[in-house]
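Some notes on the structure that comes next.
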Amino acid sequence: MNSKEDNIQKILKNIPQQRTLREGDIVIGEVVQTTDKIAIVNINNKSEHVLSPSATGILFINNASEDYVEKMGDVVRIGDIVKAKITEQDKFGFKIKISEPDLGVIKSYCKNCKAELNLTDASIKCLNCKTINTKKIGKM
Ligand SMILES: [Zn+2]
C-alpha cells in the first residue's frame with residue numbers, strides 16, 4: 001500500500017459513525033428540545049449499536065403522527081426516548097419521522113410526577129398520580 005492509500009484508510013477510520021446513518025435506518029434517541037412544531041432528538045443508537053458521537057435528528061410535526069397533531073407536546077416531550085426512521089440528511093442533521101405504527105415513544109415519564117409511564121396502556125394514565133399523558137407510542 002502506498003502512502004496515499006494509507007492516508008485514505010486513516011481518514012476513513014476517523015469518519016464519525018453517524019456518517020453511516022442512511023435514509024430508512026431505524027434509530028433510537030432522546031428528545032432534548034421541543035417547540036410547538038419541531039423536536040430535536042439526540043440519536044445515539046442505530047439498530048442495537050451505540051453511535052459515538054451521537055447525531056442530531058430533527059422531527060417536524062407533520063412527521064410526528066399519522067393523525068393531525070396541533071402541538072409537538074401532544075406526541076413527544078423532552079426526555080422521551082423515541083424510535084424513529086431517518087428520512088433524509090441536510091446540513092443541520094438528519095430529518096426523522098415517527099409517523100408509522102411501530103415508530104414513536106418507547107420510554108417516557110409522567111409530565112406531572114416524573115414516574116415512568118406504562119406505554120402499553122392506550123390512555124397512558126400515570127399509575128402514580130393518574131395524570132393523563134398523550135404520546136405517539138412506538139413498539140420496541
Ligand atoms: Zn404521574
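Each reported figure results from applying straightforward, stated rules to the coordinates on display, with no laboratory input. The model shown is predicted, which means the values in this text are computed figures rather than measured ones. Heads up, the Cβs are rebuilt from the backbone with ideal geometry, glycines too, and the neighbour counts pull from every protein chain shown.
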What's the Kirkwood radius of the chain in Å, using all Cα pairs?
16.0
What FRET efficiency would be calculated for the residue pair Asn7, Asn112, taking the C-beta separation as r and a Förster radius of 41 Å, to the nearest 0.05?
0.15
Enumerate the lysines that Lys107 could reach by cross-link, defined here as Cα to Cα under 17 Å, with residues fewer than 8 away along the same chain left out.
Lys46, Lys83, Lys85, Lys97, Lys125, Lys135, Lys136, Lys139
Counting other C-beta atoms within 10 Å, which of Ile61, Ile78 has the fewest, and how do the rest follow?
Ile78, Ile61
Of all stretches in the chain that avoid chymotrypsin sites (Phe, Trp or Tyr not before Pro) placed in a DSSP loop and having at most 14 other Cβ atoms within 10 Å, the longest is 1-67
Ile26 to Ile38: extension gain in nm, 0.36 nm per residue of separation minus the Cα-Cα distance?
2.4 nm
Contact order normalised by residue count of the chain, Cα under 8 Å, 6+ apart, percent
20
Tell me the trypsin sites (Lys or Arg not before Pro) within the range 26-127 that lie in a loop according to DSSP and have at most 10 other beta-carbon atoms within 10 Å.
Lys91
Lys, Arg +1 and Asp, Glu -1 on Cβ, resulting dipole of the chain about Cα centre, debye, nearest 20:
300
